[in-house]
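This report concerns only the one structure given below.
None of the figures in this text is laboratory data; all of them are computed from the coordinates on show. Just so it is clear, the structure is predicted and the values come from calculations on it, not from any experiment. Cβ placement follows ideal geometry from the backbone for every residue including glycine, while neighbour counts extend to all protein chains displayed.
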Amino acid sequence: MTRLVELEATGPRKLDPSDIDGEKGDVAICQCGLSESFPFCDGSHRRTEDEEPETTYVYEDGERNAVDRVVTVDDE
């Protein structure tokens, strides 16, 4: 499966000691692109557990939709 993820950041996020989870003692970085606290994991990846392997998904306003095709346009 694939997901369409739009990001708006224009630079890196630098971690500091306040980013460490005091309870678990670690920092979890989001790899699914759905976290409300991106770049940190908030457990949103659980929504992806039943995604089909050959399907592309887009998540908008908390809802998941399958995408038939992806069209890109060059801005030249």
- Query: For 13, 69, what's the fewest-to-most ordering of other Cβ within 10 Å of each Cβ?
  - Reply: 69, 13
- Note on the structure: Between the modelled labels at residue 24 and residue 10 (7 Å from Cα along Cα→Cβ) the distance in nm is 3.2
- Of all DSSP beta bridges having both residues in the chain, the percent classed as antiparallel (nearest 5) is 65
